[in-house]
Each structure stands twice: as structure tokens, then as C-alpha cells.
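The values are calculated or read from the model by the stated rules, or taken from the named source; none is laboratory data. In this text the structure is predicted, and so the values were computed from the model without any measurement. No Cβ is skipped: glycine too gets one built from the backbone with ideal geometry, and neighbour counts run over all protein chains shown. All accessible areas refer to the heavy atoms of the entire protein, side chains included, with ligands and DNA or RNA removed. Shrake-Rupley method; radii C 1.70, N 1.55, O 1.52, S 1.80 Å.
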Amino acid sequence: MPTSVVCVAPSAIIDHLSVVTPAQLAHILGNEPSGGSSRITLEQARRLLEHIGSFSTRAAGSVANVARNLATLGIPTRLITTRGQDEWGGIFHNAMQRAKVDVDHVMVRGACTGRSVVMACNGARTMRTFMDEKSALQASDLRLEMFDWDGPQSTTAGSSACQQLPLNQHLQQGLVFAHSQRLSPRSVGLQAIRQELAHAHSSNVCDPTTPGSSGRPVLNSPGSAGMQWGSVGGSRWVFVSAYALRSGQQLLQRAVELARQADACIALDLASYEVVQEHLSQLKAIIEQDVCDIIIGNEDEAAALMGQPVVTSASNGHSNGHTSQDRSVQNAALEYLAAHSRACVVTLGADGCMAACGTGALGEWPGLQQARHIEPSVSGVEVVDSTGAGDAFTAGFLYGAMRGLPLARCARLGCAAGASAVRVIGSELTPADWQYFHHSVRGPAASSLVEGAAAEVHLELLEATALVERLGR
């Protein structure tokens, strides 16, 4: 079966995005510190927007951002959430649908859709969010059939990476040749891509997992079938966020239980340091059930998870006070998460990320060449707005995991996706941002291949990259 992912969000959110100067931000917030995310009432949100005056509006929310990015990367993606019966809910629904996210289980409630006022200032962002509790997803809304999903039934050869897309072992040389001769890389590479992926599919290269007695994928042993990392290709995934804890522990717990019943691999995002601080005991209780295959958090969330203070800064929006030379708290968090997962990541902002394979009862991903990896950030990136950067990282990292790539390559994909996101206002990546992503991952030739190209070319190059990595070429 193809790889597919179900994303569970506590509520739909619309972002109202604005760029402000430090003086404007100080005037808007008054005595409030900048940075981070905090809750406000609907009336306060309206007054903020009146004060700001000029802003743009887009569908957002952490889980929805990840869902949209994964769908753009070619992973069949379903979103389970709720929205209000208002125009903002309609905007959210249509935006997800345009991104080819399955929205059959975006439920409509007779309440207001969540709205977040996002103020970008010198590359950092300050968020003030209104959420209507009457429209929030509840544990009782979730049913097993929502998670028992392998992608749309009408999916063509294009939606499953292994069935659709393809690459020749000489593709890279062909791209380099095309670049040197000033030829269109597309004219040289696409047919080769399709031919090789067809061969890969016929030889079952893209199916590195075998079902266990429960039906849940059993990761191959080291050295098997040429795979470098325990892949989840051809399996189900469920992505959940600790934001669900704000709707009560029951929602996150229920989603995890149903994911297990659906034989899905589980990825957990730690949401925000505020959520971790507010729900530390409940979050740890779920982590320590040893049910999450991958856990992802940022440096501030790692500090909060270890019970350490998080120091916000008006200059950069967030800083836990640790430099790249002093990462003891983040290292401790990584060790803790590794003991309760198969792989975990702590992102470090401008310093990239650190990742580790599991050390506890779940075991590590088989075939890992290293237990730990530190990935530097993409250099030379001008940070315009950090909104959605963490969500883009998560989507990039998970895409690598779903395609069976080594831990280091998953980290690189995550950093490249995150770097692409900080170059623009808001959390939605444009075609130019995806071109930058390919440039960061594979260099100028790959960037030229997708320049002005249709989505089909973008997806084929991603699959080509994954295949080259898995085959070790």
C-alpha cells in the first residue's frame, strides 16, 4: 500500500499576517513582551487588527501547515479537525482542498474559526491567537475509520511515490551535463527519472517494510534490501501535536490509541514551549507510553520539557539562553526523547538541528549509521519571518523518514524546508520557495530543473532524490 498520513488538529486557524517595525510592535503590545504565542479574546483580536491596519490572511495552524506541506511533497494527506461556520472557516477549508489535502473529516461547528494575529518584526514573530472552545475537536469526534486510510481510492499512479515516479542512476550526471551545455535539465532528466522509478517499483525497491502480526510495519533489519534507514514507505502515519492538550488530554490520548489500532506509525510535535509548560505532566505521560515513533521539538520546547526556564527576547522572538557551545539542556532533552521513541529531533533555529535514534523499548531505526547527528542550518538565508518554519522543518524531516532516507538526510531535508519558509511572510510556501528548497538539497542543477515547472516535475525530483539516497548512488 502507498504511504499516507493522517494529521489531527484541535481546530482550524486563520493567520492574519503583518510586518511591523520594532517601534510599532512596542506601541501595539504596550507592556507585554514580544515573541511567543498567547491567547486573546475575539474582541482583542479585532482591536489588534484595527490597530495594525494592513495585513494578509491565510489558512494556517501548526498541524494544517504540516499537512499542506506533506501534500505538496506528494504524500497522500488527510486532515482531521473542526472549523467554524463562518467565512474564515470557508477560507481554511478551500485552502486545504486546493493543496490537495483530504478534507472529508474537517467538521463544521456552529462557532467561530480560530484566528491568529501574527506580527513579524526583524525576522521574529509575535502571535496572539483567538480560539473558540465551542468549535474545538473533541476526543469523542474521533473514530477508527478516520485513521484506517491508505490515501484516496481514486489516486492515480502519480500519488504514490513508488508507483509513479522514477530515476536513472545517470540522472545527476545528465543534469550536470545539461547545465554545462545550457540545455533544459527537464529535457534531459525527466524521461530517465520515469524509467528508473518504474524499474524500482517492479523490483520492489520502494517497499522496505513488512507487516508484523498486528499489521503495523516492522522495520527491516540492518543491511536488508539495500535500505540504509528503517523506512516507513508503504505504511500509514498519524501526525499529532501537543497543541491537542489544550482541548484536554483525552484528545491526544484518543488520537494515539486510534493510530495504534490502525497500525500506523506515530509522529508527535511538541507544539510550543507555552504548551509544554502548561501541560508538562500530561505530555510526559503520553511520551513515556513509548508509542511515538518520531518526536520533534525546538530548543525552547526542549528546555521546557526539562523543566528549565525559557527566556524570551524582544530582539529575536525567542531564546532559551543557550549558545551553540552550550547545549546541555537540549542534549538532555534529546536523550530523554530517544529513550521513548525510535527517532527524535531538537531544532536549534539558526544553528540547525540535532537528531538521535531511539535507545529505549521501541528500539532504533534499523540500519542507522550513527546514533546521533548534528545538521547545520542552510547558510546565507535572509530571515524575513519565522512563522511556519518549524512546521516546514517537520514536513521535510517526515518526508525523508517516509521515503526511507538516513537520519542525516532527513535532518537536511528538514533544515532545507525550514530555510525555505523563513524567506517569506507566512507559513505557505510559494513555487519560488520550493525551488529554493531543491537548490538547498541538491544544488543549482536541481533548482534549474524545477524552475517554472509544474508540480509533477517538483514531485519527480523529490522522488528521484529519495531513490538515489536509498540505493546509495
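Please go through region 94-117 and pick out each residue that is within 21 Å of the chain's Cα centre (by Cα) and under 11 Å from residue 82 (Cβ atoms).
Result: 105, 106, 114.
Out of region 95-120, which residues are within 22 Å of residue 18 (Cβ to Cβ) and open to solvent by 10 Å² or more (accessible area, probe 1.4 Å)?
Those that are within 22 Å of residue 18 (Cβ to Cβ) and open to solvent by 10 Å² or more (accessible area, probe 1.4 Å): 95, 112, 115.
Can you pull out every residue in region 6-49 that is open to solvent by less than 30 Å² (accessible area, probe 1.4 Å) and charged (D, E, K, R)?
15
Considering each residue of region 360-377, count those that are open to solvent by 40 Å² or more (accessible area, probe 1.4 Å) and either modelled with pLDDT of 70 or more or closer than 17 Å to residue 294 by Cα (or both), and give that number.
Here is the first cut: in region 360-377, the ones open to solvent by 40 Å² or more (accessible area, probe 1.4 Å) are 361, 364, 369-372, 374, 376-377.
If we keep only those that are either modelled with pLDDT of 70 or more or closer than 17 Å to residue 294 by Cα (or both) too, we end up with 361, 364, 370-372, 374, 376-377.
Going through region 360-377 one residue at a time, the tally reaches 8.
Give me the residue from region 257-297 that is charged (D, E, K, R), in a loop (DSSP other than H, G, I, E, B) and touching a Gly at 6+ places or on another chain (Cβ under 9 Å) and, out of that set, nearest to residue 128 (Cα to Cα).
Looking at residues that are charged (D, E, K, R), in a loop (DSSP other than H, G, I, E, B) and touching a Gly at 6+ places or on another chain (Cβ under 9 Å), I get 293.
Just checking, does region 81-91 include any residue being under 19 Å from residue 389 (Cβ atoms), in a helix (DSSP H, G or I) and either among the hydroxyl-bearing types (Ser, Thr, Tyr) or within 23 Å of the chain's Cα centre (by Cα) (or both)?
no
Among the residues of region 248-263, which ones are at pLDDT 95 or above and among the aliphatic types (A, V, I, L, M)?
Those that are at pLDDT 95 or above and among the aliphatic types (A, V, I, L, M): 251, 252, 255, 256, 258, 259.
Using the structure shown, decide if residue 34 is in contact (Cβ under 8 Å) with a residue 40 or more places away in the chain, part of a strand (DSSP E or B) and over 22 Å from the mean Cα position of the chain (by Cα).
Taking the combined requirement at face value, the residue does not satisfy it.
As an exercise: evaluate residue 239 against (1) under 30 Å from residue 126 (Cα atoms); (2) part of a helix (DSSP H, G or I) and give the number of the one condition it does not meet.
Residue 239 satisfies every listed condition except (2).
Which of the residues that make up region 1-21 are part of a strand (DSSP E or B) and closer than 12 Å to residue 105 by Cα? Talk me through it step by step, then tell me what you get.
From region 1-21, those part of a strand (DSSP E or B) are 4-8, 13-19; that's our starting set.
Matches in region 1-21: 6, 7, 8.
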